[in-house]
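So the structure is just underneath, and the comments pick up after that.
Only the coordinates and a few stated rules stand behind these numbers; no lab work does. As the structure is a prediction and not an experimental result, all values here were calculated from the model. Cβ: placed from backbone, ideal geometry, glycine included. Neighbour counts: every protein chain shown.
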Amino acid sequence: MSEEERLLIRKAKDGDEGSFETLILSCKGKAYNIALRYVKNENDAMDVLQESFIKIFRHLGKFNEESKFETWVYRIVVNSCYDFLRKYKNKYDEIPIAPNDNQDEKTLEIPDHTPPPEEVILNSEQSTYILECLEKIPIDHKKVIILRDIQGLSYEEISVILECSTGTVKSRISRARKNLKEVYLNNDA
């Protein structure tokens, strides 16, 4: 953690709203993406994010500064997602992570640097298929795949978020990837 971040945290703990806002803005985008991956709906993701930020503000004094601030934020966001999903269990029977089919797609023309259209379609279809396969694996496996392979968090950050050892995280990721591979190869999606 940088000295600048420590200073912002101390000021925020003392009630400086500007410092708190600066801290939140530094990780808001990734936190929103995590929430969106869990609850799928943009409005619900914003609700989860707002609830998370309220929790962060209320419990900022409990942040022990041993881990990165953003890792602590992501753990609260993940926990808020689970609270939200439990609360609205009938609305969310499983945690989908594929984008809505009816979202508008915008096409950009980039001269000579883009792969050929057939490759783009193949990659898009493969990505969609992988996301469909991810929907079929257990939630614990899906959780670590989202955090590691989609969000790109480190093993250490994931261990803090999931409150388990780094070794456990590595083991879960290995099992999750093996499970995802089996679903992918069995053509069940």
* Given 87/142; 62/170; 11/68; 143/170; 55/143, which pairs have Cα atoms separated by over 24 Å? -> 62/170
* **Net charge of neighbours whose Cβ lies under 12 Å from the Cβ of residue 148, counting Lys and Arg as +1 and Asp and Glu as -1** => +2
